[in-house]
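The values are calculated or read from the model by the stated rules, or taken from the named source; none is laboratory data. Keep in mind that this is a model prediction, so the values were computed, not measured. FYI the Cβ positions are ideal-geometry reconstructions off the backbone, even for glycines, and counts take in every protein chain you see.
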Amino acid sequence: MTSEDKAKFLKEFGPRRDALLGQLKKAAGVSDGPMSQGDLAVLAAASMELLTLAIANMPQPRRGETVRALSWTLAIDVAKKRERIEQKIQNRKT
């Protein structure tokens, strides 16, 4: 990937990700406000379905590389997001 291609990808990635998340929330029937445990479960299930479908459609060897890296990457992302959530909660209390 050239540096121009990489810059274009990064510029387009954020808005595309946000739009997809909005569509996923709408399809799952969850709101932007505080979500119940049921809403979170539905959103997680819909996200996992989308993720598995996307990975299944990848050609090898990319599919294998993605699957091998997924659990480690996912664990790191979840930990970082949880940290941000806890910081937001602490900021609301003060």
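Go through (1) outside the structural domain of L24 (by TED's automatic domain parsing); (2) touching a helix residue (DSSP H, G or I) at 6+ places or on another chain (Cβ under 7 Å) one by one and return the number of the condition G64 breaks. For G64, the exception is condition (2). When the residues of the range 46-76 are filtered to those that are under 15 Å from the mean Cα position of the chain (by Cα) and of a type in the set (S, T, N, Q), the one that is surrounded by the fewest Cβ atoms within 10 Å (Cβ to Cβ) is S71. Screening the range 1-23 for residues that are among the polar types (S, T, N, Q) and in a helix (DSSP H, G or I) and picking the one that is nearest to the chain's Cα centre (by Cα) gives Q23. Close contacts from the range 64-90, counting a first residue that is free of Cβ contacts under 8 Å to residues at least 24 places away in the same chain and a second that is surrounded by 10 or more Cβ atoms within 10 Å (Cβ to Cβ) and aliphatic (A, V, I, L, M), with Cβ to Cβ under 8 Å and a gap of 6+ residues or different chains, come to T66/I55; T66/M58; V67/I55; L70/I55.
Is the range 77-94 home to any residue that is among the β-branched types (V, I, T) and surrounded by 11 or more Cβ atoms within 10 Å (Cβ to Cβ)? Step through it out loud before you land on a result.
Of the residues in the range 77-94, the ones among the β-branched types (V, I, T) are 78, 85, 89, 94.
Cutting the leftovers down to surrounded by 11 or more Cβ atoms within 10 Å (Cβ to Cβ) gives us none.
The answer is no, given that none of the residues of the range 77-94 is among the β-branched types (V, I, T) and surrounded by 11 or more Cβ atoms within 10 Å (Cβ to Cβ).
Annotation note: Cβ proximity below 7 Å between a residue of the range 45-57 that is over 15 Å from L74 (Cβ atoms) and a residue that is of a type outside the set (S, T, Y) and surrounded by fewer than 14 Cβ atoms within 10 Å (Cβ to Cβ) (sequence gap 6+ or interchain) occurs for A46/A27.
Could you check the range 24-41 and list, in sequence order, the residues that are surrounded by 10 or more Cβ atoms within 10 Å (Cβ to Cβ) and part of a helix (DSSP H, G or I)? Quick ask: steps written out before the conclusion?
As a first pass, look at the range 24-41 and keep what is surrounded by 10 or more Cβ atoms within 10 Å (Cβ to Cβ): 24-31, 35-36, 38-41.
L24, K25, K26, A27, A28, G38, D39, L40, A41 - these are the residues of the range 24-41 that are surrounded by 10 or more Cβ atoms within 10 Å (Cβ to Cβ) and part of a helix (DSSP H, G or I).
Scanning the range 1-17 for residues that are surrounded by fewer than 10 Cβ atoms within 10 Å (Cβ to Cβ) and of a type in the set (D, E), we see that the one that is farthest from A45 (Cα to Cα) is E4.
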